[in-house]
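Taking it in order: structure first as structure tokens, then the write-up.
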Amino acid sequence: MESKKIIILDADLRKGAGEGMDEFLQVFINKYLEVIKGEINSETMPLLNGYQHTLLGYHFFCEEVNEGGFIQLIQNGYGPYIFDNPFARAMRLFGAKKFSKLVYEAREIFVANRADLEKECTEEEFMAMYEQYEAFDELEEAFMDMEEEVTACVAQYVDEHLEQFAEIEQ
């Protein structure tokens, strides 16, 4: 199956860009979420290309880590999407080298403790994971410090390579 043609209107892109880098990226993300009907699975994965998956991965990464850290990211099922795919390498290619390194460091913790981190658990067990995996704390804080810079880097990359992320129509 080939990736689906993603079409974004130039007017929507200009409006998003005028509101800031987060809104600019959100124009793409909203379209991708619409195409995959909000779900990443074996049926929807082929609908997006690697660049689109990288941008969507960054969206999920920010959303989950900002709300509940790496534990939440993994418990909500995004561990494989971020850590089993070339997300960190793609981020380095996008120019976000420090962020890429951070993702590789988090991946090491994930891989070493995968079974435990991905297991079904009660709310109490979930909360206990935050104490058990304090190694994530430093990485989460580092991400908070660099998020704006990383988002600017991603937005610039997308802007300079629009054709990889969507077809822009007038």
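Miscellaneous remarks
- Over all pairs of different C-alpha atoms, the range 34-131 has a mean inverse distance whose reciprocal, the Kirkwood radius, equals 14.1 Å.
- The residues packed around ALA166, meaning those with a beta-carbon under 13 Å from its beta-carbon, carry a net charge of -4 if Lys and Arg are +1 and Asp and Glu are -1.
- Close amide H contacts of LEU9 (hydrogens built in the peptide plane, cut-off under 5 Å, sequence separation of 5 or more or a different chain): GLU169.
- Distance (nanometres) between label positions extended 7 Å along Cα→Cβ at GLN164 and ALA17: 1.8 nm
- Rounded tilt (10° steps) of 21-35 against the dominant C-alpha axis of the chain: 90 degrees
- Pairwise label distance in nanometres, LYS101 with LEU9, each label 7 Å out on the Cα-Cβ vector: 4.4 nm
- Between the beta carbons of GLU67 and ALA115, assuming R0 = 25 Å, the FRET efficiency works out to 0.55 to the nearest 0.05.
- Computed from Cα positions, the angle between helix 10-19 and the longest principal axis of the chain comes to roughly 50 degrees.
- Binning the alpha carbon pair distances of the range 88-170 at 10 angstrom intervals from zero yields the distribution 15, 35, 27, 17, 5, 0, expressed in whole percent.
- Per residue, the Cα convex hull of the range 1-74 amounts to 90 Å³.
- Estimated from helices alone, the mean residue ellipticity of the chain at 222 nm is -23000 deg cm²/dmol (sum of -39500 (n - 2.57) over DSSP H runs with n ≥ 4, per residue).
- Hz values of 3J(HN,Hα) by residue in the range 103-113 - Karplus curve (6.51, -1.76, 1.60), Gly and Pro given as x: 5, 4, 5, 5, 4, 4, 5, 4, 4, 5, 10
- Residue-wise HN-Hα couplings along the range 133-143, as the Karplus relation 6.51 cos²θ - 1.76 cosθ + 1.60 with θ = phi - 60° gives them from phi, are 10, 5, 4, 6, 3, 4, 5, 5, 5, 4, 5 Hz; Gly and Pro carry x.
- Extent along the principal axes, Cα only, for the chain: 52, 34, 25 Å, with the longest axis given first.
- Expressed as a whole percent, the accessible area of the chain that falls on carbon and sulfur atoms is 47 (1.4 Å probe).
- Of GLU123, GLU105, GLU134, the one that fluctuates the most in a GNM where the chain has Cα springs shorter than 10 Å: GLU123
The values are calculated or read from the model by the stated rules, or taken from the named source; none is laboratory data. Fair warning: this is a prediction, and the values are worked out from it, not measured in the lab. Virtual Cβ from ideal backbone geometry, glycine too; neighbours counted across all protein chains shown. Ligands, DNA and RNA are stripped out before the accessible areas are found, and what is left, the full protein with its side chains, is counted by its heavy atoms. Shrake-Rupley method; radii C 1.70, N 1.55, O 1.52, S 1.80 Å.
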